[in-house]
Amino acid sequence: MAGQDRGGNGAGIGAVTFVDHMRPDGMVVRWESRHHRKHQGALAGGSTWWAPRARGWWIGVLFAVGSVLFALGALPGYVNAVGTTWDSVTFFIGSLFFTSAAFLTYREAVDAAPEAQNPRHRRFFVYQPRRIDWWACGIQLIGTLYFNVSTGVAMGTNLTAATANRHVWRPDAVGSICFLVASLLAWFEVSHAWASWRPRLWSWWITLLNLLGSIAFGVSAVAGYISPVTGELRNAERANLGTFVGAVCFLVGALLLLPERTETASGQVLAPAEPVH
């Protein structure tokens, strides 16, 4: 298509979140990063609530199931009913659902690259530092792997205080940091700024909920600090509350991924009136 393109990020952080394109008729339209990634060809088709052949549908469903399991595991009544071992198993299984969804999200970002950078979508390991979605999805995937380690080790019995601190709390803290960074980048990708008001967009609500959920997970990690001497948690009640609130935010955000996937918007919006260089 004839025309001129200009990429931008809204606040100079170095990663492109949109491209302004001047069409042959002189109108400037904006192609946004997230919309392009979430609506790649046939991946955007199918029913909103049932589309097992669509990757975007699986991302929403897997994140939702993982969120339900994390919320369930954080309920005091649940652990009292099933015991600490099965509670730990619940968290571990939930973390696997998170990792599966995060892997598909990362693949989604990789496949959204220009054809020249990823011919026929055959590459998995790519380096695209100018793409904010590549950073966000990659960091999120790393965070889920840390949660796998944390929840996996937590299933063990008779853990020493030092082992619990090193292999349960630390991976959990790192995973929470990764989730927070990834959520901030995803928020910026949609907002093109650190603060915005775009309530008519599914993506705005999704990234806002994920950001709030990541903050809640961070609070949980701080409250769940395990003393390497005594093995005691700093504040078990606050840790469980943070996990529950975060999981609920992630659950709602995951469910909203389904209508976002099938929204009818073309992805082109009028760009702000400014010269294209």
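The values are calculated or read from the model by the stated rules, or taken from the named source; none is laboratory data. As the structure is a computational prediction, the values presented were derived from the model and not from experiment. Backbone-built Cβ (ideal geometry, glycine too); neighbour counts: all protein chains shown. Please note that ligands, DNA and RNA were not included when accessible areas were found on the heavy atoms of the full protein model with its side chains. Shrake-Rupley method; radii C 1.70, N 1.55, O 1.52, S 1.80 Å.
For this structure, a couple of remarks:
- A simple charge model with +1 on the Cβ of Lys and Arg, -1 on the Cβ of Asp and Glu and nothing else charged puts the dipole of segment 167-268 at about 100 debye relative to its Cα centre.
- Integer Hz, Karplus 6.51/-1.76/1.60 couplings in order for segment 204-212, x for Gly and Pro: 5, 5, 4, 5, 5, 5, 5, 5, 4
- From most to least packed by mean Cβ count within 10 Å, the peptides 254-262, 134-142 give 134-142, 254-262.
- Surface accessible to a 1.4 Å probe, Arg234 within the full protein complex, Å²: 150 Å²
- Ordered from largest to smallest accessible area (heavy atoms of protein chains, 1.4 Å probe), the residues Tyr146, Tyr106 come out as Tyr146, Tyr106.
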